[in-house]
Structures are given as C-alpha cells and as structure tokens.
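First the structure, in the form of structure tokens, and then the observations on it.
Quick note: the coordinates plus some simple rules give every number you see, no bench work behind them. Remember, predicted model here, so these are calculated numbers, not experimental data. A quick note on method: Cβ atoms are made from the backbone with ideal geometry, for glycine too, and the neighbour counts reach across all protein chains shown.
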Amino acid sequence: MNKAEQHKAMVAGHICLDITPVFNPDMKGSFSTILSPGKLVNVGKAVLSTGGAVANTGLALAKLGVDVLLNGKVGDDEIGDVIKKLVGPQRAPSLRTVAGQASSYSVVLALPGIDRVFLHNPGTNDTFTAADVDYNALKDCSLFHFGYPTLMKQFYADQGDELAGMFRQAKQAGVVTSLDVTLPDPGSPSGQVNWLPIFRKVLPYVDIFLPSVEEIAFMLDRRVFETRKAQAGDADPVLAYTADDCSRMSDQLMDMGVAVVAIKNGIRGYYLRTAGPERLGAMRQCVDFDVKSWAGRQLWSGSYRADQFGSATGAGDATIAGFLTAFLKGLDPVTSLKVANTVGWQNVRSVDAISGIEDWQTTLQMVSDSARPMNPLTIQDAGWSYRPAQQVYYGPSDGQQQQG
C-alpha cells in the first residue's frame, strides 16, 4: 500500500507553552498607549495552550484526520509537564524529555486590532539538533514537516549545516518534506544571519516551503522588506506587497530546488507557485496526487472573513495544516488553497491555536460553500485574471491559464 494512503505525518521542531492573557475586545488605542510604563491593565483569564509548529501544525493536522507523530523536545520542569498534558497522552510519549533543561514558553500579547507581540524563551528548542529526529519512525510516514529553524539556534548556525543534514536524512527516509519559518527579530542572532546561503544548502531537500510574505522578504531581500513596511505605515505590512514581489521571490526559491512555494499573505490569503512535472513527479513515490494539475501553477486564493474573532495565534500554522492535509489527500491546488484559508478562518475564531479547528468533513463542507464571505482581494499586477466560479486569481505564469 502506498504510504500516502495512510495519511501519516511527522511534525518536528519548535514546541513551547503559550500563555495568552485575554484582553477586552472593546479596548482601544495603540500598543504603546495600552501598555505604557507604570500602567495597570485589567485582563481576563490566561489561556494556556501549546505553541510552536510541532503543536500548532501537528495537532491541527490530527484534527483534520491525519495520523500525526509529534517530534519535539521539552525539559523536566513544570512547563514541560503542562505541554505534555496539553498535547494529550496519545502524543506526549513521542516528545523527548531532557533532564536539567528548561522548557520553552511564550507570553502572547494579542491586543485587539494589533498584531501579536511575543515574549519568548527558546529553552530546549535551542538544543534540538538533527539527531533528535526519529528517522526510524519517519520511514512509516508520507510527510515530514519541520517548523521554525529561525527560533532554533542549532539550525541557523554554521550556515545551516545541521538543517540541511536533517532534511537530507528525511528525504532518504522516502517522504515528502515541508518547511515553515518565522520572522526573525532583526536584533537577534537569527536576524543577523544571511539566510540565502542556508536556503541554497537546504532547499534542494525541501519539497514544500510555506513562509509568510514578510518572512521570506526579510530573508531574501531586506530592501523589499523595509520598503513595504514603510509603505504600509500603520497598516498591516502584507497589504503593501505585490503579486510581482511574490512571483520574484517564489521563482528564486524554486531555482534553489523547492517544488511547491506557498506564501502566506495573512488577510490577503495564499499565493502558490509550483515547479514543472519532473520535479513534482519525484514526490509521487510518497503521495498519490495528480502531477498534471499541480505542475507549473501560479495562483492566489483570498482568505475568508471572520465575523467572530478570537486571536490570530497559530493562524499561519493552521493554514499550513489545511494545505498539507489537502495535498496528502490528493486534492487539486485550487481546492488545497481554499482548504488552507478555511482552516485559517477556523483558527482565528478562538483565542488559542487549536480549539477552533474542525474535522475534515466539516472543513470540506465549508470549502464547498461558495457564498461564505471573503476578505477583499484585488490583484492589479499585469497578467493576473480572476475566475469568479473558482474565486481564485490565475497568474501570468500559470500553465493552465496559458493553455486556456
């Protein structure tokens, strides 16, 4: 039996405890006025939830029906105990507990109408190495997803040798590989690293890369990152990026070896660019999908409007879980993008990263509802055309648009 029929995945990398105080949704003001020095701010209960790619993407995949193995690392402390309790007895045993090390945690400040701020302690994530991956267990999987090397010291040191070695071993296990990153703090060691040589080493072994537009701009072209940030002013920076920005960066990433580039654009949804049939065909030994429908695609699918908003914590991870689940189940790229955006919509209805995620059948029903309100999306770059029936933009390099 093809491994893909089992829909089993390993999600490895960053895991932490998220401590999220609940703010009054009617609270007004800027971040600096709400949290000014010496001010007492009344908040609601603190929501304790697992954070990081291992928990956020892994548990969302599980809720969508994928058999998931979590491969993370915690310390033998109270925070580690809470993390294991939250992931549940079924999956906690696959987490490695290390004596004498502190578990990772984040304090998530999700103020109404303001992008989140994280106070983060990396803890055991900084000691995680390629040797912490269970490659024997990986042989029974179809997918290896790794998240947040940008927050894990061993993986951006030495120009990414550890990261490249891990993905090389994962490919040798015979799986589809995928990678997610975070936006580095410019003042942190990760933010001081030149990511271009790291990507050149790593991306030949990465099949699916799912960064946000800000993350990949920061890593590939700091000038574009700073320009778009300045253009946005007080607005969300993703609104300033163009389709041409995404096209240029995705082509650069594919030139380095990636088969599928899915760029998260927040409220503007997802941009997708894929390689040709030869590169994609190499992935069919692990996952049964229609190479013809996926090859040479350039698409942009808008996000759905959330009238009930809790928090954007883990929203990007949730969209990744939706996209990867759809891919594992053999769905076409247009539907896969809609699944990704739907699971992101499910996520933001709750304060934590997981509780809003629905099961697979419910998610498919939501995807099929063409009347569900979408956030406004207009792409004015040359060559892009909108197809109302699919509610998706086709790019100038899309193979099917060129044929049709």
What translational diffusion coefficient, in µm²/s and rounded to a whole number, does the Stokes-Einstein relation yield for the chain at 10 °C and a viscosity of 1.306 mPa s, taking the hydrodynamic radius as the Kirkwood radius over Cα pairs?
75 µm²/s
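What is segment 298-343 by shape, rounded, prolate or oblate, if you read a ≥ b ≥ c off the alpha carbon gyration tensor as root eigenvalues and call it rounded for a/c under 1.5, prolate for a/b larger than b/c, and oblate otherwise?
Numbers: a/c = 2.54, a/b = 1.65, b/c = 1.55.
It is prolate, given that a/c is not under 1.5 and a/b is the larger ratio.
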According to the Kirkwood expression over distinct Cα-Cα pairs, how big is the hydrodynamic radius of segment 63-173, in Å?
15.6 Å
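If each residue's Cβ is checked for other Cβ atoms within 10 Å, how do Phe144, Phe309 rank with the fewest at the top? The partial results should precede the final answer.
On the way: Phe144 29, Phe309 14.
In order of increasing Cβ crowding within 10 Å: Phe309, Phe144.
Report, in debye and to the nearest 20, how large the dipole of segment 4-127 comes out about its Cα centre when Lys and Arg carry +1 and Asp and Glu carry -1 on their Cβ. All intermediate terms of the calculation are to be shown ahead of the outcome.
Working: 11 positive and 10 negative charges, 36 e Å.
Taking the Cα centre of segment 4-127 as origin, the dipole is about 180 debye.
Express the relative contact order of segment 288-377 as a whole percentage, based on alpha carbon pairs under 8 Å and six or more residues apart in sequence.
On the way: 135 pairs, mean separation 33.1, N = 90.
The normalised contact order for segment 288-377 reaches 37 percent.
How big is the dipole moment of segment 272-404 about its Cα centre under a simple scheme where the beta carbon of each Lys and Arg is +1, that of each Asp and Glu is -1, and everything else is neutral? Debye, nearest 20, please.
Working: 11 positive and 12 negative charges, 52 e Å.
Approximately 240 debye in magnitude.
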Could you work out Rg/(2.2 N^0.38 Å) for segment 179-258, with Rg from alpha carbons only?
1.08
As a test of the formula, what do you get for the chain when each DSSP H run with n ≥ 4 contributes -39,500 (n - 2.57) and the sum is divided by the residue count, at 222 nm and rounded to the nearest 500 deg cm²/dmol?
-9500 deg cm²/dmol
Charge-dipole axis of the chain as Lys and Arg at +1 and Asp and Glu at -1 on Cβ define it, positive-most pick from Thr150, Leu163, Tyr386:
Tyr386
Using the Kirkwood formula on the Cα atoms of segment 28-117, what hydrodynamic radius do you get, in angstrom to one decimal?
15.3 Å
Rg [Å, one decimal], Dmax [Å, integer] - segment 278-391, C-alpha atoms
14.9, 43
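State to the nearest 20 debye the size of the charge dipole of the chain about its Cα centre, where the only charges are +1 on K and R beta carbons and -1 on D and E beta carbons.
Values: 36 positive and 41 negative charges, 67 e Å.
With Lys and Arg at +1 and Asp and Glu at -1, about 320 debye.
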